[in-house]
Amino acid sequence: MAVCSVYPLNPNLLSHSLALSLSHHSHAYWSVESVSRIRRNGRKGSMTVRVLSTHSNAKILNPKRKSRYGHTFSLYDTDIGLDDWLLDDEFADPVDFEVDGKKRVNSQKKTSTREGGQRLFNSRTSKNTREKSMVGNFYGTKNRTKEADSSDINGQGKLMTGKSTEDRYPKLSEEIDLDEKWLPLLDYLSTFGLKESHFIQIYERHMPSLQINVCSARERLEYLQSIGVKHRDIKRILLRQPQILEYTVESNLKSHTAFLIGLGIPNSRIGQIIAAAPSLFSYSVENSLKPTVRYLVEEVGIDEKNIGKVVQLSPQILVQRIDVSWNTRYLFLSRELGASRDSVVKMVTKHPQLLHYSIDDGFIPRINFLRSIGMHNGDILKVLTSLTQVLSLSLEDNLKPKYKYLINELRNEVQSLTKYPTYLSLSLDQRIRPRHRFLVALKKAPKGPFPLSSFVPTDESFCQQWAGTSVDKYLAFRQQLLLKEFAKKYEKRGFGFMAL
């Protein structure tokens, strides 16, 4: 048995022998329910008690532990993963929201440790009791338990005959103390492509999500699909934000959807935004999301009519600590390049992902590269204002190869980039090299520096205005060129190919 408290560990709460074994963790904080499902240690009837992380996600039994599948589970319930330069400390903490009709309050509000801990103990205990009651009422009655256990849904949406827990989920049963009452939910979630390794991740991230009544879970996921979330995206959403199974349709999901629509976001894009930033459901509309929008309009200076566009380009902006990310990047660009506030606002409006990029790993290396090829601060500012995504392009795989091709093959000067910064955003293999080589092959390439304006129009316009030939002829030439370039790359790596 595990005794838990939100207070510093008190050995008096445990038996004498157990207290002695844990005495060296006397400064650790414990949380209720975290050990409600204690991992098996491999021997039948043997159990292990572990000291937990003090992170708010108390369901993580051992934060440094990797699963048997080699995955390291994140301690944080955020939407990190968009970009290697995304900063963890620039995301706001959730304020308040409702889970199954009950409002949760932001833990940052000032309360004494004992008072806050007692409320947390009471709320979590009552929530756990309520969820177990819901599961029990639906599947655990005397007359229906056998029927529910023997007629569930398999991964293909078909009914399956009764099997033991170990037979249906053998790997999961080895990893956790699997409750049979969870099986109907697991069977349903399997229809979205979740496997046993995924359930282990969900368990580690937020175990109460697996205690939800299957009917409630179905209602919530069906609602998400009704507003445009793709069936294939449900798995990714659940792995990133399993708490979404706990959020009620009426009190949470609908209000957040209405908020997005109120920003001017088309109904057709709602599902994509939710899939990109499912954690927005854990933020209060009134106390967090709306204040973020007000800050973007009133403090940053983004035109209110452009807010919907900005959110569509970067949904994560709603769950960022926007004051920190805006101020640090604005001050850096103004000091480093002499950028005006209006210039930075234009950058953010066109490419709000700018607020996610790290200054040290994103801004500085790219600005230094542009300086190294002969650009002055004013030139760099022109390029970034016109094409802000330059700050996200790879130096080795993108910017450097395009610069070399510009100088060595196209015979252009670096200053041409200030007039045609779009050149840096175009594919070297799919557009720049094929069009250049095509005009050279047709002997229609202009003498002197090759015109960068020929890379801007569509294939149809390029063929009509510059090549004077059919699109089919150009596309055939490009395909052959791509195959030759592909073969060259692999020959350098030691692979042999037949001559093309």
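The values are calculated or read from the model by the stated rules, or taken from the named source; none is laboratory data. These numbers come from a predicted model, not from an experiment. Cβ coordinates were reconstructed from backbone atoms using ideal geometry, including for glycine residues, and neighbour counts include every protein chain displayed. These area figures cover heavy atoms from the full protein model, side chains too; ligands, DNA and RNA do not enter into them. Shrake-Rupley method; radii C 1.70, N 1.55, O 1.52, S 1.80 Å.
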(request) Would you mind pulling out the separation of the Cα centroids of the range 199-231 and the range 272-337, in Å? (result) 27
(request) Could you point to the residue in Tyr223, Leu239, Pro208 farthest towards the positive end of the range 167-246's charge dipole, with +1 and -1 charges on the Cβ of Lys/Arg and Asp/Glu respectively? (result) Tyr223
(request) Give the relative contact order (percent, whole number) for the range 313-368; include only Cα pairs under 8 Å separated by 6+ residues. (result) 40
(message) Can you give me the % of accessible surface on the range 167-246 that is carbon or sulfur? Probe 1.4 Å, all protein chains present, nothing else counted.
(response) 43
(message) Ordering Tyr203, Tyr330 by accessible area with a probe of 1.4 Å, largest first, what comes out?
(response) Tyr330, Tyr203
(request) Find the accessible area per residue for the range 167-246; the probe is 1.4 Å, ligands and nucleic acids are left out, and the unit is Å². (result) 32
(message) Classify the range 167-246 from the C-alpha gyration tensor, please: rounded if a/c falls under 1.5, else prolate or oblate depending on whether a/b exceeds b/c.
(response) prolate
(request) Can you tell me the relative contact order of the range 351-471? Whole percent, Cα pairs under 8 Å, sequence separation 6 or more. (result) 20
(message) Order 341-347, 366-372 from most to least packed using the mean count of other Cβ atoms within 10 Å.
(response) 341-347, 366-372
(request) Search the structure for amide H atoms under 5 Å from the amide H of Gln320, placed 1.01 Å from N in the peptide plane, and list their residues when 5 or more places away or on another chain. (result) Ala92
(message) Exceeding 24 Å between C-alpha atoms, which entries from my cross-link table qualify? They are Lys230/Lys305; Lys309/Lys400; Lys400/Lys484.
(response) Lys230/Lys305; Lys309/Lys400
